[in-house]
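**Student:** Take a look at this one; I'll ask things after.
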């Protein structure tokens, strides 16, 4: 017999799901196990009640973490992933570290062994909050059901506030199984710290306006923070009003449209000559939502040596971390620019722009001619003609990623999703799934390498089972191309475990088309340049997921290149 | 220039908060000279007093990184401020029997206390600033110091209040 009062009680697992739905969760990427199955059971109960909540069963927890990231990167809303304790949770470590580096809001719900067994080396027990503490904004261990709704509410607020990032919520099984009254409105928080960013100080903004008015060679250095802040509109307005040339980081691509005449390309190690030239010669660098990463700056002392540096970022610890700012502002970028714009007079920098146009004309990204062989640059140029402003592109990590950053143009932010800071191979396919589910109408293309693709290839099963029509374009050179490139440049071309083809036979290995077919996904392999356009059209026309295996020569190097720790003067163009 | 700085951090008294701060110092390669932690008058808040060895740039990063944690309520770097700072030490010494009186005199000069006395040795308690403690340790060296335990420094600004900003 169930008494009336017991009837109105809720299980912890149901409170978890109820809280997620309240926070606006539509999709959870998950993989069940002993310590999380209560929550999976609870999800089926809300599905029965017709809630708009979908559990996408991934095939590896790392895939789940990156799918949550893809969702978050495409929308700005937190992505949610659910795993069990121990190995389920440790498999999330890489996507969590990746989300921390690139400031991506994800919520990781992990099951934990019952509280009474914590610390006794129980089956599938790992100290998950301990493991993830240095790579999260915060990691919660929920020891009492009382705190559960508050923790989940705090987790969502934390993930998106200030500089976004990952939050882990570790929930022991007994907390999931115990019962309590349904939570009411959440009015408390576990933290007293204010999560709203400080206002940009008026005085500092005035100084920025004066610096812009005085500059002859200003450059905008725009990064992922501009995407997170939603500041594209204001940055574009600034570019138009003051005619300031723009260099964007790997994570900033799309803030200023790729086709804009004042956009000179990505900057940094594999950036355009024009953008790196611009920063090197600038007398004013407007560093907006960036962190002076070593892949951008090379040798720090030489980076923008002669320019005044204005740094605006929401994270105080980024200011003066790598490079001292002459004018530093800790505030939301969008808010800062909204206040800055009216302080500015219209301006032009014709001579500076002419100078940069000249560099761009003389030293563009180069497409080599290799006869009927397919170079990565050629495929990507053909693909670029087929992108719309809505197309979303994800990548793995390596040469293909850098080529894609060079040769594809993005007209809007959140169309180019790539693992920048951590540089995680295997990011592309699961991230594409998350983006596709967030934007069902968009075409989503994962541009991958043969190495990266094999790091989360199992997610093809998720694409098939959940009908997620992402396209994978593999630039297949049978090598770990970026490492091989460094071997060529700095290690006398000695191959040290960078060949991943068949050691016995020639011919591409593995057979990605056959693997795709094994997952009931169509595919095609192309080896000649003349086939590429048709193959791209076939891939883009497919209503399902599709794997296009493009065989490319491994000898291609990503250029230009500023070797690690060097300066613009050391740039290798050809 | 690398100097010794005292930082006071008010933190939420929650699971893992000490680990988070200790981990932050380890992960970013900051040097901790001493760290003390204890509850404040508000049970939900703890105060950590951290003494670090750092140049100005590193100190700026330490303060900002500490402040970045959600569990941090307030960080105060006491550089250039008028503060009261104290550390407590316990010293176990075993002087020659005929030199015990000399030890008592030194303890009195430094306003310490002998808190244990037995036929074999004695335990001395003394509080004070870094300089004073260094001086007594030096003064007691000839008397066969067997053990030394330090509490780590705690500090408070004179006059103004370090508290919850809300």
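The values are calculated or read from the model by the stated rules, or taken from the named source; none is laboratory data. This structure is a prediction, so every number in the text was calculated from the model and none was measured. Note that we place each Cβ from the backbone using ideal geometry, even for glycine, and neighbour counts take in every protein chain shown.
**Student:** Could you tell me which residue of region B:72-93 is farthest from the other protein chains (Cβ to nearest Cβ), considering only residues that are surrounded by fewer than 16 Cβ atoms within 10 Å (Cβ to Cβ) and either more than 18 Å from the chain's Cα centre (by Cα) or not in a strand (DSSP E or B) (or both)?
**Tutor:** B:82
**Student:** Within region A:33-42, is even one residue at pLDDT 95 or above and farther than 23 Å from residue A:183 by Cα?
**Tutor:** Yes - at least one qualifying residue is present in region A:33-42.
**Student:** Given the criteria under 26 Å from the mean Cα position of the chain (by Cα) and touching a residue at least 24 places away in the same chain (Cβ under 8 Å), does residue A:549 qualify?
**Tutor:** Against the criterion (under 26 Å from the mean Cα position of the chain (by Cα) and touching a residue at least 24 places away in the same chain (Cβ under 8 Å)), residue A:549 qualifies.
**Student:** Continuing with this model, one more query. For region A:57-75, which residues satisfy the criterion of being surrounded by 22 or more Cβ atoms within 10 Å (Cβ to Cβ) and under 16 Å from residue A:25 (Cα atoms)?
**Tutor:** Narrowing region A:57-75 to residues surrounded by 22 or more Cβ atoms within 10 Å (Cβ to Cβ): A:58, A:61-74.
Matches in region A:57-75: A:64, A:65, A:67, A:68, A:69, A:70, A:71, A:72, A:73, A:74.
**Student:** Would you check if residue A:538 is buried (at least 18 other Cβ atoms within 10 Å of the Cβ) and within 22 Å of residue A:395 (Cβ to Cβ)? Lay out the reasoning, then the answer.
**Tutor:** On the way: buried (at least 18 other Cβ atoms within 10 Å of the Cβ): no; within 22 Å of residue A:395 (Cβ to Cβ): yes.
Here the answer is no, as residue A:538 does not meet what is asked.
**Student:** Return the total of residues in region A:419-442 being part of a loop (DSSP other than H, G, I, E, B) and over 20 Å from residue A:403 (Cα atoms).
**Tutor:** 4
**Student:** On to the next question. Of all helices (runs of 4 or more DSSP H) completely enclosed by region A:64-182, which ones contain at least 1 residues that are within 23 Å of residue A:229 (Cβ to Cβ)?
**Tutor:** A:93-102, A:148-160
**Student:** If I ask for residues that are assigned to a loop (DSSP other than H, G, I, E, B) and within 27 Å of the chain's Cα centre (by Cα), which ones from region A:466-521 would you list?
**Tutor:** The answer is A:466, A:467, A:468, A:469, A:470, A:477, A:478, A:480, A:498, A:500, A:519, A:521.
**Student:** For region A:165-192, give me the residue count where each residue is in contact (Cβ under 8 Å) with a residue 40 or more places away in the chain and out of contact with any strand residue (DSSP E or B) (no Cβ under 9 Å at 6 or more places or on another chain). Give the derivation first.
**Tutor:** Filtering region A:165-192 for residues in contact (Cβ under 8 Å) with a residue 40 or more places away in the chain gives A:165-183, A:190.
Within this subset, residues satisfying the condition of being out of contact with any strand residue (DSSP E or B) (no Cβ under 9 Å at 6 or more places or on another chain) are A:174.
Residues in region A:165-192 being in contact (Cβ under 8 Å) with a residue 40 or more places away in the chain and out of contact with any strand residue (DSSP E or B) (no Cβ under 9 Å at 6 or more places or on another chain): 1 in total.
Results for (1) in contact with a strand residue (DSSP E or B) (Cβ under 8 Å, 6 or more places away or on another chain); (2) within 28 Å of residue A:264 (Cβ to Cβ); (3) not assigned by TED's automatic domain parsing to the domain that holds residue A:535, shown as yes or no for each residue.
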| site | (1), (2), (3) |
| --- | --- |
| A:393 | yes, yes, no |
| A:407 | no, yes, no |
| A:410 | yes, yes, no |
| A:423 | no, yes, no |
| A:448 | yes, yes, no |
| A:483 | no, no, no |
| A:500 | yes, no, no |
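**Student:** Additional query: Select from region A:222-255 the residues that are in a loop (DSSP other than H, G, I, E, B) and under 25 Å from residue A:300 (Cβ atoms) and list them in ascending order.
**Tutor:** Scanning region A:222-255 gives A:223, A:244, A:245, A:249, A:250, A:251, A:252, A:253, A:255.
**Student:** Return yes or no: is residue A:188 within 10 Å of chain B (Cβ to nearest Cβ) and assigned to a loop (DSSP other than H, G, I, E, B)?
**Tutor:** When the stated conditions are applied, residue A:188 does not pass them.
**Student:** Also: Restricting attention to region A:203-220, does a residue exist that is within 23 Å of the chain's Cα centre (by Cα), over 30 Å from residue A:13 (Cα atoms) and more than 14 Å from chain B (Cβ to nearest Cβ)?
**Tutor:** Of all residues in region A:203-220, those within 23 Å of the chain's Cα centre (by Cα) come to A:220.
Imposing the further condition that a residue be over 30 Å from residue A:13 (Cα atoms) reduces the set to A:220.
When the remaining residues are screened for being more than 14 Å from chain B (Cβ to nearest Cβ), the result is A:220.
Looking through region A:203-220, at least one residue is within 23 Å of the chain's Cα centre (by Cα), over 30 Å from residue A:13 (Cα atoms) and more than 14 Å from chain B (Cβ to nearest Cβ).
**Student:** Step by step: first the residues of region A:34-54, then only those that are within 23 Å of residue A:430 (Cα to Cα) and surrounded by fewer than 20 Cβ atoms within 10 Å (Cβ to Cβ), then the one that is farthest from the chain's Cα centre (by Cα). Which residue is that?
**Tutor:** So the residue we want is A:37.
**Student:** Going by the conditions given, is residue A:567 over 16 Å from residue A:376 (Cα atoms) and either without any contact (Cβ under 8 Å) to a residue 40 or more places away in the chain or crowded, with 17+ Cβ neighbours inside 10 Å (or both)?
**Tutor:** Numbers: over 16 Å from residue A:376 (Cα atoms): yes; either without any contact (Cβ under 8 Å) to a residue 40 or more places away in the chain or crowded, with 17+ Cβ neighbours inside 10 Å (or both): yes.
So residue A:567 passes the test.
**Student:** All but one of (1) facing chain B (nearest Cβ under 10 Å); (2) within 23 Å of residue A:88 (Cβ to Cβ) hold for residue A:161, so report the exception by its number.
**Tutor:** Going through (1) facing chain B (nearest Cβ under 10 Å); (2) within 23 Å of residue A:88 (Cβ to Cβ) one by one, residue A:161 breaks only (2).
**Student:** Hey, residue A:338 hits all of (1) touching a residue at least 40 places away in the same chain (Cβ under 8 Å); (2) part of a helix (DSSP H, G or I); (3) crowded, with 19+ Cβ neighbours inside 10 Å but one; which does it fall short on?
**Tutor:** Against the list (1) touching a residue at least 40 places away in the same chain (Cβ under 8 Å); (2) part of a helix (DSSP H, G or I); (3) crowded, with 19+ Cβ neighbours inside 10 Å, residue A:338 comes up short only on (3).
**Student:** Residue by residue through region B:15-42, note down the ones that are under 16 Å from residue B:68 (Cβ atoms) and either crowded, with 17+ Cβ neighbours inside 10 Å or away from every other protein chain (no Cβ under 13 Å) (or both).
**Tutor:** B:16, B:17, B:20, B:21, B:24, B:25, B:30
**Student:** Right, something else. Within the bounds of region A:177-190, is there any residue that is under 28 Å from residue A:250 (Cα atoms) and surrounded by fewer than 19 Cβ atoms within 10 Å (Cβ to Cβ)?
**Tutor:** Scanning region A:177-190 turns up no residue that is under 28 Å from residue A:250 (Cα atoms) and surrounded by fewer than 19 Cβ atoms within 10 Å (Cβ to Cβ).
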